[in-house]
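Notes to accompany the following structure.
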Amino acid sequence: MLYSSDLLAIVGAGEQASLSPRRLCLFKTTTGLPLRELNFLTSILAVRMNKKRLVVVLLEKTFVYDLNTLVMLDTIDTVPNPKGLSAFSPSLEGCYLAVPASATKGSVLVYNVMDLQSHSEIDAHRSPLAAISLSSNGMYIATASEQGTLIRVHLVSEATKSYSFRRGTYPSTIYSLSFGPSTQLPDILIATSSSGSIHAFSLSLAINQRSKRSTSFLGSVLPDSVSDALDPAHHHVLQNAVSSGIRSYAVVRKIDKLEGTSSPSQFTSLRATVSVITYNGYFQEYTLSINNKNESLWTMEREFNLFSITTG
C-alpha cells in the first residue's frame, strides 16, 4: 500500500495468468479497478514505493519506475537475491534503496532512486545478509547477516561508520528489522528472529554514550582488539513472543517520549507501540516502556488469530 492511500501494488502467488508471480497490478481500492499492470520475465520478489518512485525487485535485477507515469527510469543489475532483500526510505530528500551487493559477504549497495545513481557500498558483515532496514528519513541503515548474532547500524552518508548491537551468542535467523518512526535519530531498533524473541535496541542511549567518547557523530568503528558489540544494557528482549522457528515481522508504529529533567544528556524515557505479525496467522501488539534508568517492560495489549476472524 502507498502509505494510507487507496493505491495497492499486488503480486500473485499462483500459476493462473491473473495470479502470476511475474505480474504486478496497481489497484485502486476506491474504484475496485486495476490502474495498470506490469509483467516481468521472472518472479517478483519485492515491491517498494513512495509518492515518486516504484521499485520492483527480481532475482538478479531491480527496476525503478516513475510512479505517476510508470516510465522505467533505471535497471539495476544485482547479485542473485532469492529472498528479495531490499529496504526503501520513503523520504524524498533521502530517498535511498538498499539491496545486497555480494552473495558471499554482507555488503550493501545503497542507491539514490531520485538521482538514479549509486550512492555507496557498505561492507557490514562477513556473512551474507539476512535483513536490511532504512530509517524513514534515509539517514540510517540497519543490517543483519545470516549468523544473526550482531546487528549493525550505519550512517548512510558516512557509509563505513557503524554501531554494533549483540542480539545473542548463538546464531539465529533475523526475520525483520524496523526503526522507530522518527524524522531525526530513531530512538529504537526492533528485530525479530527465529528464536521467537523480539529484540529492541536503544539507539538514542547508545549514541549519547558514544558521543562522550568521540568527537565524530557515530564515531569510528572500534578496533579489532575491542569488541564492537555495545553494552547489553542497550538491549531489551521479550522472550518467546512467537513460537520458535515461526517467521515474524515487527514494526514500531508510535513512540511517546518524556524528556529527562536533571540534565540535557539524561536518557529520555519512552513508550513504543510495537506491532507483530506472524506466518502462522497471529497479529500482536505490545507496549515497550523504557524508563530513564534504562529499565524496560513489555506489555501485550492485544492478540488476534487472523485465520479465526470471520466477517458477518
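The values are calculated or read from the model by the stated rules, or taken from the named source; none is laboratory data. If you're wondering where the values come from, they're calculated on a predicted model, not measured in any experiment. Please note: Cβ atoms are built from the backbone with ideal geometry, for glycine as well, and neighbour counts cover all protein chains shown. Surface areas here come from the heavy atoms of the whole protein model, side chains and all, with no ligands, DNA or RNA. Shrake-Rupley method; radii C 1.70, N 1.55, O 1.52, S 1.80 Å.
For region 120-139, enumerate the residues that are farther than 18 Å from Val79 by Cα and among the hydrophobic types (A, V, I, L, M, F, W, C).
Once the filter is applied, which keeps residues that are farther than 18 Å from Val79 by Cα and among the hydrophobic types (A, V, I, L, M, F, W, C), region 120-139 yields Leu134, Met139.
Quick check: anything in region 111-127 touching a Pro at 6+ places or on another chain (Cβ under 8 Å) and assigned to a strand (DSSP E or B)?
no
Mind checking which residues of region 156-179 are free of Cβ contacts under 8 Å to residues at least 40 places away in the same chain and in contact with a strand residue (DSSP E or B) (Cβ under 7 Å, 6 or more places away or on another chain)?
Residue satisfying the conditions is Ser172 alone.
Looking only at region 136-161, which residues are assigned to a strand (DSSP E or B), surrounded by fewer than 23 Cβ atoms within 10 Å (Cβ to Cβ) and of a type in the set (Gly, Ala, Ser)?
Scanning region 136-161 gives a single hit, Ser145.
What are the pairs with Cβ atoms under 8 angstrom where one residue, in region 142-155, is of a type in the set (Val, Ile, Thr) and the other, located anywhere, is part of a loop (DSSP other than H, G, I, E, B)? Sequence gap at least six, or different chains.
Pairs found: Thr149/Arg167; Thr149/Gly168; Thr149/Thr169; Thr149/Tyr170; Thr149/Pro171; Thr149/Ser172; Ile151/Arg167.
Might you check whether a residue that is in a loop (DSSP other than H, G, I, E, B), open to solvent by less than 80 Å² (accessible area, probe 1.4 Å) and either of a type in the set (Ser, Thr, Tyr) or modelled with pLDDT under 90 (or both) occurs anywhere in region 270-290?
Checked region 270-290: no residue is in a loop (DSSP other than H, G, I, E, B), open to solvent by less than 80 Å² (accessible area, probe 1.4 Å) and either of a type in the set (Ser, Thr, Tyr) or modelled with pLDDT under 90 (or both).
So Val99 ticks every box in (1) in contact with a strand residue (DSSP E or B) (Cβ under 7 Å, 6 or more places away or on another chain); (2) surrounded by fewer than 19 Cβ atoms within 10 Å (Cβ to Cβ); (3) under 29 Å from Ile255 (Cα atoms) but one. Which box is left unticked?
Going through the list (1) in contact with a strand residue (DSSP E or B) (Cβ under 7 Å, 6 or more places away or on another chain); (2) surrounded by fewer than 19 Cβ atoms within 10 Å (Cβ to Cβ); (3) under 29 Å from Ile255 (Cα atoms), Val99 breaks only (2).
Name the residues in region 43-72 that are within 16 Å of Leu92 (Cα to Cα) and among the aliphatic types (A, V, I, L, M), would you? Walk me through it before giving the result.
From region 43-72, those within 16 Å of Leu92 (Cα to Cα) are 48-55, 64-68; that's our starting set.
Scanning region 43-72 gives Met49, Leu54, Val55, Val64, Leu67.
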